[in-house]
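The values are calculated or read from the model by the stated rules, or taken from the named source; none is laboratory data. Quantities reported herein were computed from a predicted structural model and do not represent experimental measurements. Note: ideal-geometry Cβ built from the backbone for every residue, glycine included; neighbour counts use all protein chains shown.
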Amino acid sequence: MSDQFGFSSIAIQIPQILLPAKQIDLSKWAVVACDQYTSQPDYWARVKETTDNQPSSLNVIFPEVYLEDNDGEQRIININQTMADYLNDGTLSPLAQPSFVLVDRKTSQVPSRKGLVVSIDLEAYDFTKGSSSLIRATEGTIVDRLPPRIKVRKDADIEMPHIMVLIDDPDKTVIEPLFNEALETLYDFELMEKSGHIKGLLVDQDKHLQQVADALKALAAPSTFADKYDAKGHDVLLYAMGDGNHSLATAKAIWEQLKEEADDKEAILSSPSRYALVELVNIHDEGLIFEPIHRVLFDIDSDNFLDFCQQPIERFSSKDAMLGAIKNIGETTDHIIPFNDAKGYGYINIENPKFTLELASFEDLLSQYQQQHPDVKVDFIHGDDVVDELGVKEGNMGLFFPPISKHSLFKTIIFDGALPRKTFSMGEADEKRFYMEARKIK
């Protein structure tokens, strides 16, 4: 593909995007990211009922709530067959030419969150610890979590991403100016489960593509990068993972395997598998809100865990009483971690923490505890209300964590490296990306 706009220097490709045919009911086509509502099977049961016997992205994804079911292999076979069917019967059809899609998402929390769907070059991405690549993970990648995802993608004909990648563009030069242009509307509809509204606009004119390329290249200029972050001598970080870290890592793992196995090492570099479809989002977008990701532990004796922590513990009969007590502590260098269990609410006071983030302190304790208690399971939860509901059940325990500042994220990654896994989330569960665009990867 021609690189007349210079996108290759900033690890971007203009993708040949596939969208559902005009007759498809988009409110039933688009479903939320597969890694959401993982402890709420009722949500996915409702989605299945809503989309039953209809063309839907639900039929070509593997919701993680079902990962431990016994039908995984058959489910993947069905997914791959449905992908082929959707391509063959015209359910998915390509846009007239390679294009970007400009996205405007309204959620239950914000009136607008803007993004741009592009393909990024996996050659410029490295998720390993200490990476200095142009595209970097913001959180630790758990390699053990990749195999089930690799099983889904390795024989797939298409990709449908829920990946969101961040750029640090305080002057709003890349995405936002496109909304001032007269662009063709590709889709415009209400999302299911009261998850808001989404609108997609076509970006295919040369002047608009060049505008995006020039703005990204300006952000990636070494001198601009060094001045912005006081990072002279550091390699440029242009794209930081927001959501879908393990999905992008899966694409990278498969790409590296394809390169290794290829007979023609030069020809393989033109493979569509070299790229991954993502939505770019400006970290300075007012509609982008960083939310903490809480934890719920299952099959745990909470008293035993608290004794294991060997840190001061306070218990309260209600959440309000606990929050009031924490507020009265005021500023402290200790790490205060609120929790709930079947006995009520409380907090762990970790004195003299050796980590910067509360979450890192907790993960250190939990990993040690799980070595002795391997049956304890953990789930990653978006929203206090879900922790309130699940944490108080017998045999469970919920942990609440504070949000991190999105404005310091890039500098933190540049100087400190990736954060602990599942440190932050871009919005609540219903604000996550819904599957719309697709791209052939074979």
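Things to note:
- Summed over the range 1-54, the residues that are in contact (Cβ under 8 Å) with a residue 60 or more places away in the chain and within 19 Å of residue 277 (Cα to Cα) give a count of 24.
- Residue match in the range 380-388 (condition: crowded, with 20+ Cβ neighbours inside 10 Å, more than 16 Å from the chain's Cα centre (by Cα) and either in a strand (DSSP E or B) or in contact (Cβ under 8 Å) with a residue 40 or more places away in the chain (or both)): yes
- When 21, 84, 33 are checked against the criterion of being touching a His at 6+ places or on another chain (Cβ under 7 Å), in the same structural domain as residue 195 (by TED's automatic domain parsing) and over 30 Å from residue 222 (Cβ atoms), 33 stands alone in meeting it.
- Only one of 429, 438 that is modelled with pLDDT of 95 or more and either under 23 Å from residue 63 (Cβ atoms) or among the small types (Gly, Ala, Ser) (or both): 438
- Where helices (runs of 4 or more DSSP H) fall wholly inside the range 240-329, the ranges with 2 or more residues that are crowded, with 21+ Cβ neighbours inside 10 Å, of a type outside the set (S, T, N, Q) and in contact (Cβ under 8 Å) with a residue 12 or more places away in the chain are 245-261.
- Criterion violated by residue 250 - all others in (1) within 30 Å of residue 177 (Cβ to Cβ); (2) within 17 Å of the chain's Cα centre (by Cα) satisfied: (1)
- Residue satisfying all of: in the range 336-347; surrounded by 22 or more Cβ atoms within 10 Å (Cβ to Cβ) and under 29 Å from the mean Cα position of the chain (by Cα); farthest from residue 378 (Cα to Cα) among these: 347
- Scoring residue 12 on the criteria (1) within 30 Å of residue 238 (Cα to Cα); (2) out of contact with any Ser or Thr (no Cβ under 8 Å at 6 or more places or on another chain); (3) not small (Gly, Ala, Ser) leaves a single failure, condition (2).
- The set of residues in the range 109-131 that are surrounded by 16 or more Cβ atoms within 10 Å (Cβ to Cβ), hydroxyl-bearing (Ser, Thr, Tyr) and modelled with pLDDT of 95 or more comprises 119, 125.
- Meets criteria (in contact with a strand residue (DSSP E or B) (Cβ under 6 Å, 6 or more places away or on another chain), under 25 Å from residue 410 (Cα atoms) and among the polar types (S, T, N, Q)) for residue 340: no
A quick yes/no check of all residues on (1) of a type outside the set (A, V, I, L, M); (2) within 23 Å of residue 153 (Cα to Cα):
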position	(1), (2)
229	yes, no
237	no, no
252	yes, yes
258	no, yes
264	yes, yes
272	yes, yes
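- Against the list (1) outside any loop (DSSP other than H, G, I, E, B); (2) surrounded by fewer than 19 Cβ atoms within 10 Å (Cβ to Cβ), the condition residue 53 fails is (1).
- Where a residue in the range 123-135 is under 16 Å from residue 247 (Cα atoms) and its partner, wherever it lies, is of a type in the set (Val, Ile, Thr) and assigned to a loop (DSSP other than H, G, I, E, B), with Cβ under 8 Å and at least six apart: 127/141; 128/141
- Listed by first and then second residue, the pairs linking a residue in the range 214-225 that is assigned by TED's automatic domain parsing to the domain that holds residue 174 and at pLDDT 95 or above to a residue that is part of a helix (DSSP H, G or I) and among the aliphatic types (A, V, I, L, M), with Cβ atoms under 8 Å apart and 6 or more places separating them unless they lie on different chains, are 216/10; 217/10; 220/10; 224/218; 225/219.
- Flag if residue 209 is under 23 Å from residue 424 (Cα atoms) and touching a residue at least 40 places away in the same chain (Cβ under 8 Å): no
- Residue list for the range 352-375, restricted to those being touching a Phe, Trp or Tyr at 6+ places or on another chain (Cβ under 7 Å) and hydrophobic (A, V, I, L, M, F, W, C): 359
- Checked against (1) surrounded by 15 or more Cβ atoms within 10 Å (Cβ to Cβ); (2) of a type in the set (Lys, Arg); (3) assigned to a loop (DSSP other than H, G, I, E, B), residue 105 passes all but condition (3).
- Residues located in the range 399-442, provided they are surrounded by 18 or more Cβ atoms within 10 Å (Cβ to Cβ) and among the acidic types (Asp, Glu): 428, 430, 431, 437
- The residues of the range 402-442 that are over 21 Å from residue 126 (Cα atoms), in a loop (DSSP other than H, G, I, E, B) and under 18 Å from the mean Cα position of the chain (by Cα), listed by number, are 403, 404, 405, 427, 428, 432, 433, 435, 436, 437.
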